[in-house]
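What follows is one structure encoded as structure tokens, with my remarks underneath.
The numbers here are math on the coordinates, done by the rules we state, and not lab data. Here the structure is a predicted model, which is why all the values come from computation and not from measurement. Note: ideal-geometry Cβ built from the backbone for every residue, glycine included; neighbour counts use all protein chains shown.
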Amino acid sequence: MSLRTGRPGQAHAVLGLLGGAALVFFALPLVALVGRVTPAGLWAQLGAPAVQQALRLSLEVSLISLGLCVVFGFPLAFVLARVAFPGRALARGLVSLPMVLPPVVGGIALLAAFGRRGLLGGWLEQVGVVLPFTTAGAVLAVTFVAMPFLVTTLEAALASVDPRLEMAAATLGASRWRVLWTVTLPAVRPSLTAGLALCWARGLGEFGATITFAGNLEGRTQTMPLAVYDALQTDPEAAITLGLVLLAVSLTLLTALRGHIGRRR
Amino acid sequence: MSLEVDALVRRGAFALELAFSLPDGCTAALVGHNGSGKSTLVDLLAGLVPAERGTVVLDGRLLERAPGLRLAPQARGLGVVFQGLALFPSLTALENVAYGLRARGVGRAQARAEAAAWLARFEIEALAERRASTLSGGQAQRVALARAMIVRPPLLLLDEPLSALDVEARAAARLLLRGWLAEAPGVKLLVTHELEDARAVADRLLVLERGRLIAQGPVEELLAAPPPFLAAMVRRAER
């Protein structure tokens, strides 16, 4: 590969230098964080009941949310990609909004909708559903913030599936469900994997919407990011260790995803 | 098992309006330039585009009577080899061929056994477990043909099935295709922009130009005394 003008060596050197600087910019804070933690301190923190509780809750909340994201996000992505309806552009904007909205604002909006005095809150309470300051509320907040990552990734993939493949399946007698399951889904699988990993990683790191809508209750809504925030007020060393644990989980997830996509190319 | 078509299809500013019938067992070739309406006719027959008016009758069964009645692609029971073949890339050659049977509710073991027999018939049994995305043009063409023929369709549609092949492979493939189609029951309709494909494979010719049939009849007869448009095509083919 070479650029049209100038020596290719030169172009690569410039790109390499700038790209390398960006990589250092990302890596440096992480390295600094790792440097502050001793193995003994790490083990001690990991053994603490509050940390284990937060970790368990984080996994629980993020996985349930991931399930909700798939169950509702796939159909949404499908409709956005395949069905022309008035207001589709607006719907697409709405779906992307949580990605750019400050999560705290998302949390306030959730309170306005599902809070006790919110739009649906009174009605929900009548049927016995209380979301604010509960684990279910934390799941809702995480879903609100994370689902767009799955939907936008999937939508692009669904829109680019070769329509001839689905037509071929239809002429062979396949029902729409069978076409979806045997042709469409395999065609979007790399994007589905990427979207799921992004969605899960974002959910694991969710802080603002959760603390605003679900609060910071140990054992009920205090996920890892909230535990880090809590620790920062009282024990900064512990906050660093917890942050590192969270970071390791996310990095493992994203690296696994990158490796997966890399193999497919 | 015959095919009778008398229909008008509109796609934007383009209109395809034609009437023809093909007897059981016949292999017909539909020839025409790019943009003459060949793919629109394939889509009409396959149920992928609606007619504005007219009828499509296959084997005495009404596939379409517009406006009003239109069978879905799933319900027509055709075999279609799409342009570009449209093999399912993540499935193996065997799974591609078995697909139509599985969709019809045939059990997995039986569908796989039948698919294997079709692969053997096309001399590609060694490729059974290869993913479709890894097949060469000629191999993929055979798999696509087997996938369409395994359901023994009353109408087999082949849209430019030889276009994935280079010039030399094409000549050999024509002869093979002629043999395979001759043994297949029902009506076979080959769509091509190459007159040579039609001459080698088909016994009837339909000539399409700007959405109209301008000539139809037995291949030998038409080519012996071709109308002006066809004569130009013959000259180009022989150049």
For this session: Amide H neighbours of B:Leu91 under 5 Å, at least 5 residues apart or on other chains, H built in the peptide plane: list them.
Result: B:Ala132
For this session: Please list the non-local residues whose amide H lies under 5 Å from the amide H of B:Ile214, H modeled 1.01 Å from N, same-chain partners needing a gap of 5 or more.
Result: B:Val207, B:Leu208, B:Glu209
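Pick out the long, greasy-scoring helices in chain B: whole DSSP H runs spanning 24 Å or more along their own axis by Cα, mean Kyte-Doolittle at least 1.0. Intermediate results must be reported in sequence, preceding the final value.
Numbers: long enough: B:167-183 (25 Å, 0.39).
Within chain B not a single helix satisfies the rule.
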Exercise. Using a ≥ b ≥ c from the Cα gyration tensor of chain B (square roots of the eigenvalues), is it rounded, prolate or oblate, where a/c under 1.5 gives rounded and otherwise the larger of a/b and b/c decides, a/b for prolate?
Worked result: oblate
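Local charge sum around B:Ala109 (other residues, Cβ-Cβ under 14 Å, Lys/Arg +1, Asp/Glu -1)? Present the calculation step by step, with values, prior to reporting the outcome.
Values: positive: B:Arg102, B:Arg108, B:Arg112; negative: B:Glu95, B:Glu114.
The answer is +1.
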Problem set entry | For A:Glu155, net neighbour charge (Lys/Arg +1, Asp/Glu -1) across residues whose Cβ lies under 14 Å away | +3
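Kyte-Doolittle mean at least 1.6 and Cα extent at least 15 Å along the axis: which DSSP H helices of chain A qualify? Provide the component values of the computation, followed by the final result.
On the way: long enough: A:8-35 (38 Å, 1.71); A:49-82 (48 Å, 1.41); A:88-100 (19 Å, 1.04); A:103-114 (16 Å, 2.19); A:135-159 (35 Å, 1.75); A:185-204 (27 Å, 0.87); A:224-234 (16 Å, 0.61); A:236-264 (42 Å, 1.00).
Span-like helices here: A:8-35, A:103-114, A:135-159.
When the expected Rg is taken as 2.2 N^0.38 Å, what fraction or multiple of it is the alpha-carbon Rg of the stretch B:88-151?
Working: Rg = 10.3 Å, N = 64, 2.2 N^0.38 = 10.7 Å.
Working it through for the stretch B:88-151, the quotient is 0.96.
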For this session: Report the label-to-label distance for A:Arg164 and A:Val31 in nanometres (one decimal), using points 7 Å from each Cα along the Cα→Cβ vector.
Result: 5.1 nm
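If you take the square roots of the eigenvalues of the alpha-carbon gyration tensor of the protein assembly as shown and sort them as a ≥ b ≥ c, do you get rounded (a/c under 1.5), prolate (a/b over b/c) or oblate? Show your work: numbers first, answer last.
Details: a/c = 2.74, a/b = 2.16, b/c = 1.27.
Prolate is the answer for the protein assembly as shown, as a/c is 1.5 or above and a/b outweighs b/c.
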For this session: Calculate the mean, over all residues of peptide B:71-83, of how many other protein chain Cβ atoms lie within 10 angstrom of the residue's Cβ.
Result: 4
For this session: Would you mind ranking B:Thr92, A:Thr210 by Cβ crowding within 10 Å, fewest neighbours first?
Result: B:Thr92, A:Thr210
Exercise. Pick from A:Gly115, A:Gly19, A:Gly243: which residue has the top mean-square fluctuation in a GNM of chain A where Cα pairs under 10 Å get a spring?
Worked result: A:Gly19
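Determine the shape class of the stretch A:48-264: with a ≥ b ≥ c the square roots of the Cα gyration tensor eigenvalues, call it rounded for a/c under 1.5, and otherwise prolate if a/b is greater than b/c, oblate otherwise.
Values: a/c = 2.50, a/b = 1.53, b/c = 1.64.
Oblate.
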For this session: For B:Ala19 paired with A:Ala50, estimate the spin-label separation in nm (one decimal), with each label point 7 Å from Cα along the Cα-to-Cβ line.
Result: 8.8 nm
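Quote the charge dipole size of chain A about the Cα centre in Debye, to the nearest 20; the model charges only the Cβ of Lys and Arg (+1) and of Asp and Glu (-1). Present the calculation step by step, with values, prior to reporting the outcome.
Values: 19 positive and 10 negative charges, 222 e Å.
For chain A, the charge dipole is close to 1060 debye.
How do B:Ile214, B:Ile124 rank when sorted from fewest to most other Cβ atoms within 10 Å of their own Cβ? Numbers along the way, then the final one.
On the way: B:Ile214 16, B:Ile124 22.
So the residues, fewest neighbours to most, are B:Ile214, B:Ile124.
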For this session: Report the relative contact order of chain B, percent, no decimals, based on alpha-carbon pairs under 8 angstrom and at least 6 residues apart.
Result: 27 percent
Exercise. With each label point set 7 Å from Cα along the Cα-Cβ vector, what nm distance links B:Ile214 and A:Ala13?
Worked result: 6.3 nm
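Under a point-charge model restricted to the Cβ atoms of Lys and Arg (+1) and Asp and Glu (-1), what is the dipole moment magnitude of the stretch B:39-162 relative to its Cα centre, in debye to the nearest 20? Before the final figure, lay out the partial values.
On the way: 15 positive and 11 negative charges, 75 e Å.
For the stretch B:39-162, the charge dipole is close to 360 debye.
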Exercise. When the dipole is taken about the Cα centre of chain B, and only Lys, Arg (+1) and Asp, Glu (-1) are charged at their Cβ, what size is it in debye, to the nearest 20?
Worked result: 560 debye
